[in-house]
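None of the figures in this text is laboratory data; all of them are computed from the coordinates on show. Since the model is a prediction, treat every value here as computed from it, not as a measurement. Glycine also receives a Cβ, built like all others from the backbone with ideal geometry; neighbour counts cover every protein chain displayed.
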Ligand SMILES: Nc1ncnc2c1ncn2[C@@H]1O[C@H](COP(=O)(O)OP(=O)(O)OP(=O)(O)O)[C@@H](O)[C@H]1O
Ligand SMILES: [Mg+2]
């Protein structure tokens, strides 16, 4: 079971969009996937067509069994996030609170991949995800402030490596909403490459272009490869997934 986490403390950079496309893409590629929404906004579960007012990640972290929190959209299985997660910091016990997900996942077997979507913050929920992560994918958009955010996340990765999870691998920086038409995307690329080098990681060759079909597919609760299989969004995420899987093979 390989755990893949999408993160960045910055909001709106394509974490959820990337997690959704990757979960569905992995199933299309023949893998069995469980997705876990660690975000109190609950966007992953809603976009997956999840039911409202059912048990979810919050309960799973509190010790409820997988069966009682599990949903499926006929493609992948998932555990939905809801706004109770936003209180997690205050709600959860102080001792061991960074390892709640690790404990909960011990009850889980039979999946090839666990995909985790995280909130736009470097708090307890993201920490729980990093503690169990095999691969971290840093989602970033081409604007001036994002490189600093990536480096801040890297600082936390190093702390998590030291304290909880020495095998935490940064699979790469995934640039989203990328525009080959604008200069800012081009100007930012070398800065991301420098940042990646410092992290001992790469910027994925695949860039996710701006594509409205991605937003539409979320509103329609359909994976992008089903909603608009010929769209740039579907093509880019497929190329990204292949690049990720290829890199994983090479890194063992
Ligand atoms: N490549 C893209 N082209 C067009 N729209 C996109 C693209 N990627 C994401 N979006 C849209 O941008 C918005 C923010 O994306 P998303 O929810 O994936 O970001 P996020 O990092 O998960 O945000 P948050 O931090 O709030 O959870 C969504 O409406 C999504 O549909
Ligand atoms: Mg999100």
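In percent, what relative contact order does the stretch 78-195 have, based on Cα pairs under 8 Å that are 6 or more apart in sequence? Walk me through the numbers before you get to the answer.
On the way: 104 pairs, mean separation 29.8, N = 118.
Contact order relative to length: 25 percent.
Once fully extended, how much extra length lies between residue 53 and residue 232, figured as 0.36 nm per residue of separation less the alpha-carbon to alpha-carbon distance?
Between residue 53 and residue 232, full extension yields 61.0 nm more.
Which order do the peptides 34-45, 112-123 come out in when sorted by mean C-beta neighbours inside 10 angstrom, highest first?
Details: 34-45: 25.3, 112-123: 22.6.
Going by the mean number of other Cβ atoms within 10 Å, highest first, we get 34-45, 112-123.
Divide by every residue of the chain the summed helix terms, -39500 (n - 2.57) for each DSSP H run of at least 4, and state the resulting mean residue ellipticity at 222 nm, rounded to the nearest 500 deg cm²/dmol. Don't skip to the end; give the middle numbers.
Values: 12 runs with 114 residues, N = 252.
Dividing the helical sum by the residues of the chain leaves -13000 deg cm²/dmol.
Just to be sure I understand: of the beta bridges DSSP finds with both ends in the chain, what percent are antiparallel, rounded to 5?
Rounded to the nearest five, the antiparallel share is 5 percent.
Would you please classify the overall shape of the chain from the alpha carbon gyration tensor, given that a ≥ b ≥ c denote the square roots of the eigenvalues, rounded means a/c under 1.5, and beyond that prolate means a/b larger than b/c while oblate covers the rest? Please report the intermediate quantities before stating the final value.
Details: a/c = 1.58, a/b = 1.19, b/c = 1.32.
Oblate shape, in that a/c is at least 1.5 and b/c is the bigger or equal ratio.
In what sequence do 164, 244 fall when counting other Cβ within 10 Å, fewest first?
Values: 164 16, 244 21.
Least to most surrounded, the residues fall as 164, 244.
Ranking 198, 4, 108 by Cβ neighbours within 10 Å, fewest first, what do you get?
With the fewest neighbours first, 198, 4, 108 line up as 198, 108, 4.
Classify the stretch 104-252 as rounded, prolate or oblate, taking a ≥ b ≥ c as the square roots of the eigenvalues of its Cα gyration tensor: rounded when a/c is under 1.5, otherwise prolate if a/b is larger than b/c and oblate if not. Before the final figure, lay out the partial values.
Working: a/c = 1.70, a/b = 1.17, b/c = 1.45.
Cα axes put the stretch 104-252 in the oblate bin.
Suppose we keep just the DSSP beta bridges with both residues in the stretch 71-198; what percent of those would be antiparallel, to 5?
Numbers: 2 of 9 bridges.
The antiparallel fraction comes to roughly 20 percent.
Could you put 22, 17 in order, starting from the residue whose Cβ has the fewest other Cβ atoms within 10 Å? Please list the in-between numbers first.
On the way: 22 24, 17 27.
Arranged by neighbour count, lowest to highest, 22, 17 become 22, 17.
What residues from the stretch 21-64 fall in the zone where the backbone N is under 16 Å from a label point 7 Å along the Cα-to-C-beta line of residue 90?
40
Starting with the highest mean, order 7-15, 96-104 by the number of other Cβ atoms within 10 Å, averaged over the residues of each peptide.
Working: 7-15: 21.1, 96-104: 17.3.
Result, highest mean Cβ count within 10 Å first: 7-15, 96-104.
Figure the gain on full extension for residue 167 and residue 205 (residue separation times 0.36 nm, minus the Cα-Cα span) and round it to one decimal in nm.
On the way: separation 38, 0.36 × 38 = 13.68 nm, distance 2.36 nm.
Additional length available on full extension: 11.3 nm.
Quick one: compute the contact order of the chain, relative version, from alpha carbon pairs under 8 angstrom and 6+ residues apart, as a percent.
Details: 486 pairs, mean separation 62.5, N = 252.
Normalised by residue count, the contact order of the chain is 25 percent.
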